[in-house]
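To start, the structure under review is shown below, and the notes come after it.
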Amino acid sequence: MTGINRRTFLGLTAGLGVAGLTGCGSSLGATAVSSGTDTVKVGLVIPQAGVYTPLGVDIQRGWDLWLRQHDGRLGGRRVTTVVADEGEGPQTGVPAVQKLLQNDRVDVLVGVVSSATALGVRDLVTSARRLLVIANAGAGAITSTNRSPYIWRTSFTNAQVAAAMGRHLATSGVRRIYAIAPDYVAGTEAIKGFSNAYRAGGGTIVGQSQPPFGKTQDYQPFLSRIQSSGAQGTFCFFGGAESVAFVKQYAQFGLSRTIPLYASGFLVEGGVLGAQGQAADGVLSTLHYTSELDNPANVAFGQAYRAAYDAAPTAYAVQAWDAAEVLSRAIAQADAVDGDSLAGALDSIGVITDSPRGPWSFTQQSPRQNFYLRRVQTRAGAPVNSVVADLGPLDPQS
Amino acid sequence: MTSLVQTRAPARPRLGTGFRTVAATTAGTLVLAAAPLYLAPYATTTLTRILVFGLLAASLNLLVGVVGLPSLGHAAFFGVGAYAAAWTATHQTTGAGTLLVGVVVAALVALVAGAVAVRTHGVFFLMLTLAIGELTQQAADSWEAVTGGSNGLYGVPAPSMFGTVLDQPATTYWYVLGFFVVGMLALRLVSTSTPGVVLRGIRDSEDRMRALGYRTTAIKLGALVFAGAVAGLAGGLLAAQQRLVTPADAGFETSALALLAVVIGGTGSWWGPCLGAALVIVVRDSLGATLDGHGPLALGLLFVLVVYLLPRGIAHIRLRRATS
C-alpha cells in the first residue's frame, strides 16, 4: 500500500508545485497579448548574481532613472517592470527570458549582458514575436549572422570598440603593436576588430596572445613576451577582475613607462577603475561614452545620476537609459507593443540627438555612434576617464 | 521475540510489488504525458527542463548509488552528447538520429575517460572525474570551429519527427518525455537485473567480488560507459529543448547540481533523483530568477536543509505504516 501511496503522494506534490508556481491552463494554442492600450509590461533581464552583477546594477539604475524622470511612462503608456536574474551565463539567462516571456507575459524585453545568452534566446524571442532591446551583450553575430528582426541593440559591438582604437593608433604614428585579450569569443572579436582597422591604416601587429579566460592569475609570461617583442604599445581587452589583475601587473612589471597601454574601454570602465588605483593612471582607451563628456544631455544626466545613486554614471547605465529612450519613441510612434510594430518603428527612428553619449543611430539594428579617446586621470580625488579626442562615428560591423 | 515478529506485517510476495511498480510507473507516465493539456506553457517548459536534468541525475545515480562511484565530472558526458547532437542537428539531420549520435559519442568519451578513472578509488576517483569535466569544458571553450567557443552552439534547429517540426512547448515536451521514458527504463533494467546485483556487490565489497571471479574493473567500466551513454541521451534532449549548448553545460557546476539532485532525491533510488532534479530546477530557474540575485543562496540553503533533515533523500522518507 505505502509503496503506491508514497510515490503517488510525492508525484502529486511535485506536479502541484510546478503547476502552483506558474499557473494552470493549457500549453496548446496561441498566447494572448496581455497589455491594454495604456500600459506596457517590460521584462528587465540583468545579472543580479555572479561576476557581472555590477553591470546589472548600472543597467537597472539607468533604466529606473529614465523612468523616474519620465513619469514612469514609455511613449505615454504606464510601465510595469519585471526584473529577472540573468546570472552568469545562458544556463540561468535562457530560463530567465523564458520565464519573462511565457509566465510574466511581458510585451518587451530589455537587458542581457552575456552574449551567449543573447544568442541563445534568439529563437525564443523570434517565435514569441516580442521585441528584445539589448543593453549590453556585444557579440557581432547578435545583429549580423544570427540576426532576428526582433532583436535590437543600444550598446556596441566588441569589434567596433576595438576598431576605434585601431583606426586612431594607425594615424597617430604608433607603428608596431602587441595585442592581448582573453581566449574567448569577445576577446577574439576585440583582437580581430582592432587588427583589421590597425592594419588597414598601415600598422603592424608584432605579436599577439590570448591567455586562458577566467583562469589566468599571473600575466608575467605574457608581459615578458610583450617586453621583448619590440612593440611601441600594447593593445588589450579585459573585463572585471581580469582587468584589475592585468593593469596592476602591467604597471608592476614596469611596462607602463616604456610601452604605453591602449585598451578597449571596458578595461577601465565602472567599478574596476577604483580597484586598479594608481596602476591605471594614464591608460588610453576608446569607448562610446565616458562620464566626463561635455554635452548638455550628459551634464544633466550626470547630475541626476549622481544625485540619485551617489556614483558616477557608466557606459552600462547609458546603454539602458538609451534603451528606454528608443523604446519610448517606438511605442509612441507604433501605438502598439507587439514585436512587429515596435521593430518597424525602431527602423524609422532616425538619429537620436539628445543622448548622453552624443548623437547615434541604428545601422543594422545596432548603434552607429561616436567613439571617444579617453585617458585615466585623477579628478577631485577619484579616477575618471577624461576626454582626449572625439574619434568620430563608426559602424557596428567595423 | 515471537510477539515482536508478529507485530510486523509479513513480507509481501515479490509479484505484488512488481505489479504495483508497473502500475505506479504507468500511471505516473500517463499523468506526465497529459501535463501539457492542463499546464500553462511556462510550466510545460519547466517540466521539460526537469525531465532532461532528471535523466542526467538518474544516470549519475547509477554510478553513485548502485556502483558506489561518486563522480564530479558526469556533466562531461552530458555536454559531449549535447554538443554532438546539436552539431548533427545543425549540419546533418534534425531527426531522432541526433540523439543516437549524442549517445554514441558520449559513450565513446566515457570509454576513454573511464579506462583511466575506474582503476582509482575514493578521493582519487573524485579528483580524476573532476579533471575530466574541467578538460571537457576547456575543450568546448577553445575548439571554436566546432563548439562555437564561449558563446556556444546557438540557433540549433528544433527536432523533427515524421516530417513535423517540434518547436512548440507541448510538442518539445512530448519528444523529450518519450526519450526520457526510454532512458529511465534502460536504467531500471540495468539496476534491477543480474548486472545490477553484481554492481551492488562491487559497491559493498569489491575485493570479495574479485575473489568470486568477477572482473570488477571491466564491469565498473561497463557501468560508467552505460551511465555516460544515458547522460549523452539527456544531453541530446537538452540540445533539442534549449536549442543552445554552451561550455557550462559540460562543466563542474552542472556536475555538482546533478550530484545535488541525487543527494536530495536519495542515492540508489530509481526515481528519487528525478524529484531531486525537479527541486533543483524549480529553485534555480523559477524561484532563483525572482530573488534579486539570491538564487544561488537559495540553492545552498536547500542543500544544507536536505542534508540535515533528509540525510537519505526524498526517496527514503518512510510514511508511518499502519500496523495491525
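The values are calculated or read from the model by the stated rules, or taken from the named source; none is laboratory data. Computed from a prediction, not measured in an experiment: that's the story for all the values here. Using ideal geometry, Cβ is built from the backbone for each residue, glycine included, and neighbour counts are taken over all protein chains shown. Only protein heavy atoms, including side chains, enter the accessible area calculation; ligands, DNA and RNA are left aside. Shrake-Rupley method; radii C 1.70, N 1.55, O 1.52, S 1.80 Å.
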- [ ] Take the range B:150-198 and flag every residue that is in contact with a Pro (Cβ under 8 Å, 6 or more places away or on another chain) and either closer than 30 Å to A:Gly187 by Cα or at pLDDT below 85 (or both).
- [x] B:Ser150, B:Gly152
Task: Flag if B:Phe77 is in contact (Cβ under 8 Å) with a residue 40 or more places away in the chain, within 14 Å of another protein chain (Cβ to nearest Cβ), surrounded by 24 or more Cβ atoms within 10 Å (Cβ to Cβ) and of a type in the set (Phe, Trp, Tyr) - done: no
Task: Members of the range B:267-306 found to be in a helix (DSSP H, G or I) and among the hydroxyl-bearing types (Ser, Thr, Tyr), listed by number - done: B:Ser286, B:Thr290
Open item on the list: Tell me yes or no: at least one residue of the range B:191-211 is within 17 Å of B:Cys274 (Cα to Cα) and under 19 Å from the mean Cα position of the chain (by Cα).
Closed with: yes
Task: Flag for A:Asp58 being surrounded by 22 or more Cβ atoms within 10 Å (Cβ to Cβ), within 12 Å of another protein chain (Cβ to nearest Cβ) and within 18 Å of the chain's Cα centre (by Cα) - done: no
Open item on the list: Can you tell me which condition B:Ala261 does not meet? The list is (1) in contact with a helix residue (DSSP H, G or I) (Cβ under 6 Å, 6 or more places away or on another chain); (2) over 22 Å from B:Trp174 (Cβ atoms); (3) facing chain A (nearest Cβ under 8 Å), and all the others hold.
Closed with: (3)
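Yes/no matrix, rows are residues, columns are (1) touching a residue at least 60 places away in the same chain (Cβ under 8 Å); (2) surrounded by fewer than 16 Cβ atoms within 10 Å (Cβ to Cβ); (3) touching a Pro at 6+ places or on another chain (Cβ under 8 Å):
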{"site": "A:Ala197", "(1), (2), (3)": "yes, no, no"}
{"site": "A:Ala200", "(1), (2), (3)": "no, yes, no"}
{"site": "A:Gly203", "(1), (2), (3)": "no, no, no"}
{"site": "A:Thr216", "(1), (2), (3)": "no, no, yes"}
{"site": "A:Pro221", "(1), (2), (3)": "no, yes, no"}
{"site": "A:Ser228", "(1), (2), (3)": "no, yes, no"}
{"site": "A:Phe235", "(1), (2), (3)": "yes, no, no"}
{"site": "A:Ser243", "(1), (2), (3)": "no, no, no"}
Open item on the list: Criterion first (crowded, with 19+ Cβ neighbours inside 10 Å, of a type outside the set (Phe, Trp, Tyr), touching a strand residue (DSSP E or B) at 6+ places or on another chain (Cβ under 7 Å) and part of a helix (DSSP H, G or I)) does A:Ala324 satisfy it?
Closed with: yes
Open item on the list: Considering only residues that are among the β-branched types (Val, Ile, Thr), over 17 Å from A:Ala315 (Cβ atoms) and under 15 Å from the mean Cα position of the chain (by Cα), which ones fall in the range A:105-142?
Closed with: A:Thr117, A:Ile142
- [ ] Go through the range A:70-160 and tell me which helices (runs of 4 or more DSSP H), entirely inside it, have 2 or more residues that are open to solvent by less than 20 Å² (accessible area, probe 1.4 Å).
- [x] A:90-98, A:115-120
TODO: Looking at (1) more than 19 Å from A:Gly138 (Cα to Cα); (2) in contact (Cβ under 8 Å) with a residue 60 or more places away in the chain; (3) crowded, with 23+ Cβ neighbours inside 10 Å, find the lone condition where A:Leu273 falls short.
DONE: (3)
- [ ] Name every residue in the range B:254-306 that is among the acidic types (Asp, Glu) and touching a residue at least 40 places away in the same chain (Cβ under 8 Å), in order of residue number.
- [x] B:Asp285
Open item on the list: For the range A:290-312, check the following and say yes or no: at least one residue is part of a helix (DSSP H, G or I), modelled with pLDDT of 95 or more and surrounded by 24 or more Cβ atoms within 10 Å (Cβ to Cβ).
Closed with: yes
Open item on the list: The conditions are (1) open to solvent by less than 10 Å² (accessible area, probe 1.4 Å); (2) free of Cβ contacts under 8 Å to residues at least 60 places away in the same chain; (3) hydrophobic (A, V, I, L, M, F, W, C); (4) not in a helix (DSSP H, G or I), and A:Val376 fails exactly one of them. Which is it?
Closed with: (2)
- [ ] Output the number of residues of the range A:276-295 satisfying the condition of being within 21 Å of A:Pro393 (Cβ to Cβ) and either without any contact (Cβ under 8 Å) to a residue 24 or more places away in the chain or touching a Leu at 6+ places or on another chain (Cβ under 8 Å) (or both).
- [x] 3
Task: Residue that is among the hydrophobic types (A, V, I, L, M, F, W, C) and either under 30 Å from B:Pro41 (Cβ atoms) or within 14 Å of chain A (Cβ to nearest Cβ) (or both), where the choices are B:Leu166, B:Leu189, B:Leu199, B:Leu212 - done: B:Leu166
- [ ] Can you give me the number of residues within the range B:265-301 that are over 18 Å from the mean Cα position of the chain (by Cα) and open to solvent by 30 Å² or more (accessible area, probe 1.4 Å)?
- [x] 9
- [ ] Just need a number here: residues in the range B:222-258 that are within 13 Å of another protein chain (Cβ to nearest Cβ), of a type in the set (A, V, I, L, M), open to solvent by less than 30 Å² (accessible area, probe 1.4 Å) and closer than 19 Å to B:Leu128 by Cβ.
- [x] 2
TODO: Mind listing whichever residues of the range A:76-104 are more than 9 Å from every other protein chain (Cβ to nearest Cβ) and more than 20 Å from the chain's Cα centre (by Cα)?
DONE: A:Gly76, A:Arg77, A:Arg78, A:Val79, A:Thr80
TODO: Working only within the range B:129-138, note down all residues that are away from every other protein chain (no Cβ under 12 Å) and open to solvent by 50 Å² or more (accessible area, probe 1.4 Å).
DONE: B:Leu135
Open item on the list: Criterion first (free of Cβ contacts under 8 Å to residues at least 40 places away in the same chain and either small (Gly, Ala, Ser) or on the phi > 0 side of the Ramachandran plot (or both)) does B:Ala211 satisfy it?
Closed with: yes
- [ ] Run B:His294 past the list (1) more than 27 Å from B:Pro169 (Cα to Cα); (2) within 9 Å of chain A (Cβ to nearest Cβ); (3) touching a helix residue (DSSP H, G or I) at 6+ places or on another chain (Cβ under 6 Å) and report the number of the one that doesn't hold.
- [x] (3)
